[in-house]
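Working notes for the structure below.
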Amino acid sequence: MIHDHLVRHFEGTRAPSLSPEFAMNLRRRLRAERQPRTAPVILRWAPRVYWLLVAAGLVRYWRPAMLTPAQMLVLAIVGAAVLLTLRSAVRPGPLPRILRETLWR
Amino acid sequence: MSAIRDEDAILVAEFTRSRRVEDFERLVERHQQMVFRVAVSVLGPNSERDAEDVAQDVFLQVFRRIGDFQGRSRFSSWLYRIAYNRALDRRRVIRAKPDSAPIDTERPAPASGRDILRSDAIADCLTRLPDAHRAAIHLHYWLGHTMEEIAQTLGIQSGTAKSWLFRARHLLARCLALKGVHS
């Protein structure tokens, strides 16, 4: 019987269909996606200059302890592992997206 | 089925190599209706605009991250799974908005007062179903999908689709009984 109720409930409901603008809008968004995104020069260079200054400061004022090649290798491996872990940890999951859509819609 | 799979695999390979919008659009043409239907089955009647937004977001995501497709499953299954998850996200957003109109509220024009009550009760009970069960009901009763098509659309086994529908009907019957609508 519930089957009959459902059939009756949905038989008058209009079948959904894609609007004619769907393909056009999607094409426009896809083409926009292909456009190279160039940030203003100042925004691209500011972080580079900052890190160059930081590196120069370290070289000038910090005297690191002498490390053997093996110690340097271990340090490099550990550093790379930490970086990779951080990158995967800060990759945005669905929650930030849901929050963003909630705020913007 | 294998020819369809091969066609998708060829198109995905071509797009991965060329990264051209034109190549991607051939994939869009093949799957846009199904992606839209997956979204609409989750969002329910009266949410076609939202379902279209979801479909657009899905294709943009795939366009950007086609490299994430490892080829372990069919391309269509992978795509429909993304659409299903995106639609669930959108449904949560819509429900979380205090000023949003309730979804699943479009009703056919019932003939009598008793039909109106029953239709309202069904619409209300549908919103209380688990997401997967509600999607299965929409796909079967609203969009006319067979068990095989539901299974393919939701990326599940045919037997699972059957049991989801069975369970959904059981839950609906119980909910309707609580509202005094007996089957």
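In the set B:Ala136, B:Ala121, B:Ala173, which member is in contact with a Gly (Cβ under 9 Å, 6 or more places away or on another chain) and not in a loop (DSSP other than H, G, I, E, B)?
Sole residue among the options that is in contact with a Gly (Cβ under 9 Å, 6 or more places away or on another chain) and not in a loop (DSSP other than H, G, I, E, B): B:Ala121.
Go through segment B:5-20 and give me each residue that's of a type in the set (Val, Ile, Thr) and free of Cβ contacts under 8 Å to residues at least 24 places away in the same chain.
B:Ile10
Answer yes or no as to whether B:Ser183 is surrounded by fewer than 20 Cβ atoms within 10 Å (Cβ to Cβ), farther than 24 Å from A:Pro16 by Cβ, outside the structural domain of B:Arg74 (by TED's automatic domain parsing) and modelled with pLDDT under 90.
yes
Just a yes or no: is a residue in segment B:133-141 within 13 Å of another protein chain (Cβ to nearest Cβ), of a type in the set (A, V, I, L, M, F, W, C) and surrounded by fewer than 17 Cβ atoms within 10 Å (Cβ to Cβ)?
Checking segment B:133-141: not a single residue is within 13 Å of another protein chain (Cβ to nearest Cβ), of a type in the set (A, V, I, L, M, F, W, C) and surrounded by fewer than 17 Cβ atoms within 10 Å (Cβ to Cβ).
Exactly one condition in (1) more than 14 Å from chain B (Cβ to nearest Cβ); (2) surrounded by fewer than 10 Cβ atoms within 10 Å (Cβ to Cβ) is false for A:Pro20; which is it?
Of (1) more than 14 Å from chain B (Cβ to nearest Cβ); (2) surrounded by fewer than 10 Cβ atoms within 10 Å (Cβ to Cβ), only one is false for A:Pro20: (1).
Quickly run through segment B:33-77 and pick out the residues that are under 21 Å from B:Asp23 (Cα atoms), in contact (Cβ under 8 Å) with a residue 60 or more places away in the chain and crowded, with 19+ Cβ neighbours inside 10 Å.
B:Phe75, B:Ser76
The values are calculated or read from the model by the stated rules, or taken from the named source; none is laboratory data. Keep in mind that this is a model prediction, so the values were computed, not measured. A quick note on method: Cβ atoms are made from the backbone with ideal geometry, for glycine too, and the neighbour counts reach across all protein chains shown.
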